[in-house]
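Below: one structure, written as structure tokens.
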Amino acid sequence: MEKVRQATDSTVEMPPATGRWKLIGPGIVAAATGVGAGDLVATLIAGSRFGYALLWAAVIGCIVKIALAEGSARYHLATGSTMLDGWRSLGRWTSWYFGTYIILWGFVYGATAMSATALPLAALFPILPLWAWAMISGLACALFVALNRYEMFENVMKFFIGLMFVIVAGVALLVGPNLGEAVQGLIPSIPEGSAIYTLGLIGGVGGTITMASYGYWVNAKGWRNPAWMGIMRLDNRVAYVVTGIFVIAMLIIGAELLYTAQIALSSGDRGLLDLDAVLEQRFGPFVSKLFLVGFFATSVSSILGVWHGVSLLFADFVRNHIKGETGISREGLETTPAFRFYLFWLTIPPMILLYFGRPFLLVIIYGALGAFFMPFLAITLIWLLNSSRVPAQWRSGWLSNGLLAIAALLFIVLCINEVIGLLG
């Protein structure tokens, strides 16, 4: 079995002794990319149906995501290689699964993400139809990612993340959280009919293929050896604490605005437009428009994160699984033809779906492959991080293994439920 090399390059920049908080960035990018409009709707619906009862699930979900993202980045830093190197060492079957998945996923997700970003733009500026705003969003994000390196990308992501956090947290404070019920909601309970919502809340928010991109963003930041492990862990924990506050804020909005008034939302991203109408009725047009800005910031940060992070994954997939280049430098993935091809693949072909909708068979295949990805990530991380591929001091301990095992079990259950739903 092939073993990946360790990072031993003495020229790699070492972490500073002070000012570590100023370095935080890749984790926030990864966490925010995983929180899209669909996740916001899912959280709102959980709050609208069960009030604060599932607040504990949002907290557990953040802990699970910390373990998954930390495992991905730890593999990068401890071995000096990438997740694609690790997956390839497990056998060629990973090439068939990941290659098929990333191509189908990109085609369908591209249309979904562009449409989600277009919704608030069309509501704020109804001078263009939805499809036109979707195309403009996709093209603008692709152009930005193609013309800028990681530092500029991270700064722009931080701006949108800060914008969406301030707006959503501000709306949550405005609606007035019930602190007593919120504290009670931290005690685990599963109300009748809430089992799948509970699992979805733990596993769905902030958890996508971009969790595997975290290690690449860590490397792009200049963190490339085990000396950066402490800063990576700080970065990751801060990111998911911020995400947790964001998710809790959405749950509060759902509980206070929708649960008490028994207001139902539309399914999918359009549910946020329903919330916008509720906010306008209760607080006036200014708060309503401000929320649409937050909606846009959430959606466009997901586009930018996926356009950059998953394109890095695809470029490394081509380098690793197609060209067979393992154990060598993966510097400059952003400048490769494979990176630019995947940017094109995420942006241009999906525009067909903006006109014709998503073909039924494609949706079935996409949904099934997508359901298997998070179990695939969790199980392979357990496999890799307990093997001789990783130096002994950086292998998983009981806490990491326990959290990754919980994540694997959770995502397997969600996977089975998703597949049953697709077959139904």
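The values are calculated or read from the model by the stated rules, or taken from the named source; none is laboratory data. Not measured: the values here are computed from a predicted model. Cβ coordinates were reconstructed from backbone atoms using ideal geometry, including for glycine residues, and neighbour counts include every protein chain displayed.
Quick check: is even one residue across segment 208-222 out of contact with any helix residue (DSSP H, G or I) (no Cβ under 7 Å at 6 or more places or on another chain), assigned to a loop (DSSP other than H, G, I, E, B) and at pLDDT 85 or above?
Within segment 208-222 (the criterion being out of contact with any helix residue (DSSP H, G or I) (no Cβ under 7 Å at 6 or more places or on another chain), assigned to a loop (DSSP other than H, G, I, E, B) and at pLDDT 85 or above), the answer is yes, since at least one residue qualifies.
Is segment 44-64 home to any residue that is of a type in the set (Ser, Thr, Tyr), under 20 Å from the mean Cα position of the chain (by Cα) and assigned to a helix (DSSP H, G or I)?
no
Across segment 77-94, what is the total count of residues that are touching a Lys or Arg at 6+ places or on another chain (Cβ under 8 Å), assigned to a helix (DSSP H, G or I) and within 12 Å of Asp316 (Cβ to Cβ)?
Adding up the residues that qualify gives 2.
Go through Ser400, Ser388, Ser396 for me and flag whichever is surrounded by fewer than 17 Cβ atoms within 10 Å (Cβ to Cβ) and under 17 Å from Pro226 (Cβ atoms).
It is Ser388.
Would you check if Gly203 is at pLDDT below 80 and of a type in the set (Gly, Ala, Ser)?
yes
Return the only residue of Gly305, Gly254 being assigned to a helix (DSSP H, G or I) and at pLDDT 90 or above.
Just a single option satisfies the conditions, and that option is Gly305.
What do you reckon, is Ile248 out of contact with any strand residue (DSSP E or B) (no Cβ under 8 Å at 6 or more places or on another chain) and in a helix (DSSP H, G or I)?
Judged against the criteria, Ile248 is a match.
May I ask you to say which residue of Gly110, Gly106, Gly138 is within 20 Å of Gly294 (Cα to Cα), touching a residue at least 40 places away in the same chain (Cβ under 8 Å) and crowded, with 17+ Cβ neighbours inside 10 Å?
Gly138
Would you mention how many residues in segment 141-179 are surrounded by fewer than 16 Cβ atoms within 10 Å (Cβ to Cβ) and aromatic (Phe, Trp, Tyr)?
The qualifying residues number 1.
Quick one: how many residues across segment 264-297 are modelled with pLDDT of 80 or more and either outside any helix (DSSP H, G or I) or out of contact with any Leu (no Cβ under 8 Å at 6 or more places or on another chain) (or both)?
7
Could you look through segment 180-193, keep only residues that are aliphatic (A, V, I, L, M) and touching a helix residue (DSSP H, G or I) at 6+ places or on another chain (Cβ under 7 Å), and pick out the one that is surrounded by the fewest Cβ atoms within 10 Å (Cβ to Cβ)?
Ile187
Where the second residue is surrounded by 18 or more Cβ atoms within 10 Å (Cβ to Cβ) and the first is among the small types (Gly, Ala, Ser) and lies in segment 227-242, which pairs have Cβ atoms under 6 Å and are six or more apart or on separate chains?
Every condition considered, the pairs that remain are Ala239/Gly27; Ala239/Ile28; Ala239/Ala31.
Just to verify a result, which residue in segment 136-176, among those that are small (Gly, Ala, Ser) and over 20 Å from the mean Cα position of the chain (by Cα), is farthest from Ala220 (Cα to Cα)?
My answer is Gly176.
Give the residues of segment 9-43 that are assigned to a loop (DSSP other than H, G, I, E, B), of a type in the set (A, V, I, L, M, F, W, C) and touching a residue at least 40 places away in the same chain (Cβ under 8 Å), sorted by residue number.
Val12, Met14, Ile24, Val35
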